[in-house]
1. If the chain between S321 and S109 were fully stretched, how many nm would it gain, using 0.36 nm times the residue separation less the Cα-Cα distance?
2. Once amide H atoms are built 1.01 Å from N in the peptide plane, which residues 5 or more positions from E332, or in another chain, come under 5 Å H to H?
3. Holding the Cα-Cα limit at 29 Å, pick out from K67/K291; K255/K335; K67/K255 the pairs that are longer than that.
4. Quick one, what does Rg over Rh come out to for region 270-335 if you take C-alpha atoms and the Kirkwood Rh?
5. What's the extension gain from Q243 to E151 if we count 0.36 nm per residue and subtract their Cα-Cα distance?
6. Mind listing the phi-derived Karplus ³J(HN,Hα) values for region 214-223, rounded to whole Hz, using 6.51, -1.76 and 1.60 with θ = phi - 60°, and x for any glycine or proline?
7. Using a 1.4 angstrom probe with every protein chain in place, what is the largest-first accessible-area order of E286, E306, E332, E217?
8. Return an integer: the convex hull volume of the alpha-carbon atoms of region 96-250, in Å³ per residue.
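The values are calculated or read from the model by the stated rules, or taken from the named source; none is laboratory data. Note that this is a predicted model, so its numbers are computed, not measured. Quick reminder, even Gly has a Cβ in these numbers, built from the backbone with ideal geometry, and neighbours come from all protein chains shown. Quick note on the areas: whole protein, heavy atoms, side chains included, nothing else; ligands and nucleic acids left out. Shrake-Rupley method; radii C 1.70, N 1.55, O 1.52, S 1.80 Å.
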Amino acid sequence: MKRKYREWEHAKIWVMLGGVAILLLLLYQGGRWLETSGNQPEARGEYVPPQEAAQTVEFGGNTYRPKRNLTTILLMGIDHTTGQQTVGSRNGGQADFLRLIVIDPAQKSVSQLQIDRDTMTPITILGVLGDRSGIRTAQISLSHGFGDGGEESCELTVEAVSNLLLDTPIDFYLAMNMDGISEFNDLVGGVTVTLEDDFSSLDPNMTAGTTLTLMGEQAEIFVRGRHSVGIGTNESRMARQEQYMAELIKLVDAKQEQDADFVGVLYDALTPYLTTNMSRGRLINEVWAAKDYERKPVVEPEGVHEVGSDGFMQFTVDEASLQEAVLTLFYEEVK
């Protein structure tokens, strides 16, 4: 009887020790999760971000203060097609097109920041199970590739862009799969452009020097075509995208003048291609309020394009040019 009692006592001790070990393991894993999930990219430069800024900041011998009541919207063009299945946490599709819209109701202006997809900046890396496994410097377009291909991927891209812009907060994101371009294009009646490059390997009607109204897949070819078009660089493609966007905006403005409900119709038609944290009503209100605002020139930070050691193109942004862009978009000089 005593022997059985001792064996029972030993068993209880081992069970208790096992339970303690499991508890310690869980606490350790929980601590590691908190530690890694809180990882944020280091701030760039010595600039003071808007959310931490005092009443004024000094830069280049001048004094600046944050602009008030701005609305910022990050537009993304994703190289996934609608309905394409995302497997795991590393196949969310790259953000081939990135543009930040800044609406300033006080100045009645709309500004745009063009972001090169190859811009090198710290991005968050997810492990195979979807956990945050660290930060690495890579092309900003890759930030969307991590995550679920939907909201999580968009939030990771917003995080990367915010960090690039010296921790400037971003209010909204609106991402569209690239196969939505044709739908958008046709809803405004087609965008007319003059082709400076030869696209005939993709569409025989799209030869260099031709002026035509892009319809259907032609719009996607014009905006996305790269490797078999011209010099094949993303820099030249961004120039085409800028040409296309300028004409597209004019058509949207004209449609709004004809039909006050056009933006709502457009939103509904494009919903299958969209991922956004912006409500339908908020988007319509912002677009309608800004339709008569001044459209300022697109801001394009300077930098250097070069092929990295991995064989892929990299864009290293000039820090002074980047800081000037942030000041232009989010600050006003104190006179």
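1. 74.2 nm
2. Hits under the 5 Å cutoff: R65, K67.
3. Violating the 29 Å limit, Cα to Cα: K255/K335; K67/K255.
4. We get a ratio of 1.13 for region 270-335.
5. Length difference between fully extended and current span is 30.2 nm.
6. 5, 9, x, 5, 4, 5, 5, 4, 5, 7
7. These residues rank, largest area first, as E217, E306, E332, E286.
8. Each residue corresponds to 134 Å³ of Cα convex hull volume.
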